[in-house]
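Encoded as structure tokens, the structure appears first; notes follow it.
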Amino acid sequence: MPTIDDFHAWPDEHGRFGNYGGSYVAETLMAPLAELTEAYLRLRKDPEFIAELDRDLKYYVGRPSPIYHAERLSQHVGGARILLKREDLNHTGAHKINNTVGQALVAKRMGKPRIIAETGAGQHGVASATVAARLGLKCVVYMGAVDIERQKMNVYRMKLLGAEVVPVTSGSKTLKDALNEAMRDWVTNVADTFYMIGTVAGPHPYPLMVRDFNAIVGREARAQMLQDYGRLPDALTACVGGGSNAIGLFHEFLNDRDVRIVGAEAAGDGIETGHHAASLAAGRPGVLHGNRTYVLCDDNGQITETHSVSAGLDYPGVGPEHSFLKDAGRAEYVGVTDDEALQAFHLLARTEGILAALESSHAVAQAIKLAREYPKDGLILCNLSGRGDKDVHTIAAREGVEV
Amino acid sequence: MPNPVSPIPNPGSRRIDRRFAALKAASRTGLIPFVTAGDPSPEHMVTLMHALVEGGADLIELGVPFSDPMADGLVIQHASERAIAKGVGIGEVLGWVAAFRQRDAQTPIVLMGYLNPVEIHGYARFAQEAVQAGVDGVLLVDCPLEEAAVLQPLRDAGLQQILLAAPTTAPQRMVRLCEAAEGFLYYVSFAGITGAGQLSTHDIAGRVADVRAQAKVPVAVGFGIRDAQSAKEIAAFADAVVIGSALVARLAEATGPDDIAGRAKDFLQPIRAALDAH
Ligand SMILES: Cc1ncc(COP(=O)(O)O)c(C=O)c1O
């Protein structure tokens, strides 16, 4: 792989990040994707669109989110200072709203009255239902039957917001199957439907568009670091499911070569057990959901079922930009097990009074590991992508508690 | 002196062209059944393929099962899941094609599926093995023209890439598809997934006529054709009809291995008769 001078120059006009990305979809979707690409490339430079997005992010989402110094957690760990970018404080409780607010404005400008979305943990479904309600658009959310069971509260939240939640019973009944089903809906209803993908995967322009909308996280964080700490952090970390909160934090820092970047994937029961969702750490390049990227599959090319305690990380692919960053050596991707994530969840709750989402708890666990590698004056910036209310039942069940 | 005409890399590779030329000469509409390879029974796959030909198939589309068939409805999803559960992969599919070729050197075979199994198998390796087995073309649903550079090793080996065109395809793009098409162009009759039931003959007749006027290759129409009646309606303006989900569903109800070939023939024969009754 050639050395990369400017990480902000990607993707190219075909939506490719080096060998990754692209548009691997059926012919019927080429036209709606071209229509969306054309609209989005125009809107991302349109001052009125940008101003409207900025207003929504400030007054509806509640941005900027603070960077919080987790002092007691840092003391407990005994290493570098751990800083948390508090995306859990956003409206609806996760970073996912950054993207849906943006895509909703695109849908509105394109005149599409119906929104569809896929969801794993339900956070993107909730964020989609939220913006649809606000704009008076119809919203249909596809969700794997397994995820519906483990994220009941979010299912009910979506219904309260007026969305229809459609259970998906094909394949592994999780996020990847929900994405397949949403694609099938889109291909059937292309004329009036806007497909809101919830992560930086899918065909071009989604990896670009979803990254742009989440990149506010890193733009704020970089300025906040310079303002509050007078320097950039030594290392960044975030959990990686499809990779939207991670690329959101990382992107602004990609050309700051001294800042180390570490993505935390779900290692489930441990990568060596085969029960995990660590596509980058343990997968290989392939084609899934419209793009070339690292995937988990067998030698016949069948996508394998993944495992993670967190529904939002239970995905056998990953956004193509992460594959590109991995091959370029700009970012490292490591596995964090279910148990490590749960320990981090409890530790953060007890030392800081913050219940993190199980997804985000993977990032916290990784931040703890990184903090141990750096001196006391080191700075580790961790994306706390969401709050943990939705996971209370899962954690209770796992620990044999009835609530 | 070396021969100035470069030899065709795969002697069988123009089977598709020859078959369509013969159909045209006889003023017949081609019948293209789709079956998911390995379903309902891996052991009886070759028998099923011969039965399709006996039932009147002019070309066979063999679906290579994939875990995430984004463009397929429930019938083909379930057939794929069953085949995968029985361990069916590219190796098995090519084995059946090779076995079929021992008795049938004429009927063209197109492998239909998704890119990842081919990518993981390796493009060059797949190309060589597929040609050796007697495959004539590939239709990779999630590999549009824009991404087809990866398929160069397949073309080099003599496999034809069958392209899809759809009602949503923009006019300029249709020109490019028609130029690039090899073998035949597969026109998807409606925006949707396989097995959906929204076929409207009236709407598509004009569109298919436009495509046929532009394309250098024959145009096959698929999606939504389920029986003799719908096949006959489409045959009025298409070079061939593709029938998938309705056949796959019929085969899935087979009561035992001996029932499979009979069902295939019983399903296709009335359709063949309707197509031929001009
Ligand atoms: C709080 C939270 N963090 C992270 C994720 C994983 O998604 P991504 O990798 O796109 O950020 C999810 C997905 O549902 C989530 O809800």
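Tabulated data
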item: Residues with amide H under 5 Å from that of residue B:243, placed H, sequence gap 5 or more; result: B:32, B:34
item: Peptide-level mean, for A:293-305, of C-beta atoms on other protein chains within 10 Å; result: 5
item: Shape parameters for the stretch A:1-149, alpha-carbon atoms, Rg then Dmax in Å; result: 18.8, 56
item: The stretch B:15-277 - percent relative contact order, Cα under 8 Å, separation 6 or more; result: 24
item: Relative contact order, percent, chain A [alpha-carbon distance under 8 Å, six or more residues apart]; result: 21
item: Using a Förster distance of 45 Å, the FRET efficiency for residue B:175-residue A:284 (Cβ separation, nearest 0.05); result: 0.75
item: Computed P(r) (all Cα pairs; the stretch B:15-277; 5 Å bins; percent); result: 1, 6, 14, 19, 21, 19, 12, 6, 1, 0
item: Debye intensity ratio in log₁₀ form over the Cα atoms of chain A, taken at each q of 0.06, 0.12 Å⁻¹; result: -0.20, -0.87
item: The stretch A:83-94 - phi-based ³J(HN,Hα) in whole Hz, Karplus 6.51/-1.76/1.60, Gly and Pro as x; result: 10, 10, 7, 8, 5, 5, 8, 5, 3, 6, x, 7
item: Using alpha carbons only: equivalent-ellipsoid semi-axes of the stretch B:122-278, gyration tensor based, whole Å; result: 27, 23, 13
item: Unit Cα scatterers, Debye sum, the protein assembly as shown: log10 I(q)/I(0) for q = 0.07 Å⁻¹; result: -0.48
item: Nitroxide proxy distance, nm - points 7 Å out along Cα→Cβ at residue A:397 and residue A:191; result: 4.2
item: Cα→Cβ-extended label distance, 7 Å offset, between residue A:60 and residue A:8, nm; result: 2.7
item: Chain A: most fluctuating residue of A:154, A:291, A:19 per GNM, C-alpha cutoff 10 Å; result: A:19
item: Distance between modelled label sites at residue A:349 and residue A:50, nm, 7 Å Cα→Cβ extension; result: 4.3
item: Backbone HN-Hα couplings from phi across the stretch B:96-112 [Karplus 6.51/-1.76/1.60, Hz, Gly and Pro as x]; result: 5, 4, 4, 5, 4, 5, 5, 10, 9, 9, 9, 6, x, 10, 10, 8, 10
item: Amide H within-cut-off set for residue A:166, under 5 Å, with H built and near neighbours excluded; result: A:141, A:142, A:143
item: Part-to-part distance (alpha-carbon centres) for the stretch B:94-149 and the stretch A:286-320, which is given in Å; result: 24
item: Residues with amide H under 5 Å from that of residue A:16, placed H, sequence gap 5 or more; result: A:22
item: Per-residue ³J(HN,Hα) for the stretch A:69-74, Karplus 6.51 cos²θ - 1.76 cosθ + 1.60, θ = phi - 60°, Hz, x for Gly and Pro; result: 7, 7, 5, 5, 4, 4
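Read-outs: derived from the displayed coordinates by stated rules, not from any lab. The structure displayed is predicted, hence computed values, not measured ones. Cβ coordinates were reconstructed from backbone atoms using ideal geometry, including for glycine residues, and neighbour counts include every protein chain displayed.
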